[in-house]
Amino acid sequence: MHPEEIKASLRIHGFTQAMLADELQVAQSSVHQAICGSIRSQRIQSRISEILGKSVKDIWPYQVIIRRSQAQIQAQKAKAKG
């Protein structure tokens, strides 16, 4: 979904970014960044998906996961060594 669609859907469901930030005890900028896809916050995205009644993947289908698992880090180190 486009960030503006997410914001509009939240408003339709009776939520603002400020209300969501207060509920989750995070900065409003964190909610905004999660909506826009600048950051990936599982807690914020999960709550938005609950409110909208859609899965996280439906809302942010093209989101790239930046974090690597420990196994991926170790494999990359081993590959670099040898």
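Brief remarks on what is shown
- Identity of the residue in the range 1-38, without any contact (Cβ under 8 Å) to a residue 40 or more places away in the chain and β-branched (Val, Ile, Thr), that ends up surrounded by the most Cβ atoms within 10 Å (Cβ to Cβ): VAL31
- Considering the range 20-82, the qualifying helices (runs of 4 or more DSSP H), each wholly inside and each with 3 or more residues that are at pLDDT 95 or above and under 18 Å from ALA8 (Cβ atoms), run over 28-36, 42-52.
- For the range 1-14, residues that are outside any helix (DSSP H, G or I) and in contact with a helix residue (DSSP H, G or I) (Cβ under 6 Å, 6 or more places away or on another chain) total 2.
The values are calculated or read from the model by the stated rules, or taken from the named source; none is laboratory data. Nothing here was measured: the structure is a model prediction, and the numbers come from that model. As a convention, Cβ positions derive from the backbone with ideal geometry for all residues, glycine included, and neighbour counts pool all protein chains shown.
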